[in-house]
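Written out below as structure tokens is the structure these notes cover.
Read-outs: derived from the displayed coordinates by stated rules, not from any lab. Because the structure is predicted, anything quoted here is derived from the model rather than measured. Using ideal geometry, Cβ is built from the backbone for each residue, glycine included, and neighbour counts are taken over all protein chains shown.
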Amino acid sequence: MTIRPRRETVTFRHPFRIHAIERMLPAGVYPVIADEEKIDSDTVSAWRRVGTSIIVPVEGVLGSLEMLSIRAADLAAAVAGDAGLAND
């Protein structure tokens, strides 16, 4: 089984929440790491997401970061919610 990390960034224009994180996070640019597993078959090769993490500031510790495991669907909901606020 081969696993690869895929890094992307997500920008939030407003403070936001993600279901698995108990606190409100400030607006900003956040690195997201998606771990993907290779699926091999006789006809094609593909990758499927098996984990998602976001890197956020540690509450109360200036300049410190932590990587938290989240669900991809929760991240998508937070991004959609932020975009909805921009349209108000």
Checklist entry - Failed condition for Arg7, given (1) under 16 Å from the mean Cα position of the chain (by Cα); (2) surrounded by 12 or more Cβ atoms within 10 Å (Cβ to Cβ), with all others met? => result (2)
Checklist entry - Do we find that Thr2 is among the β-branched types (Val, Ile, Thr), surrounded by 10 or more Cβ atoms within 10 Å (Cβ to Cβ) and over 19 Å from Arg71 (Cα atoms) in this structure? => result yes
Checklist entry - Considering Thr52, Thr9, Thr43, Thr2, which residue is of a type outside the set (Asp, Glu) and touching a helix residue (DSSP H, G or I) at 6+ places or on another chain (Cβ under 7 Å)? => result Thr52
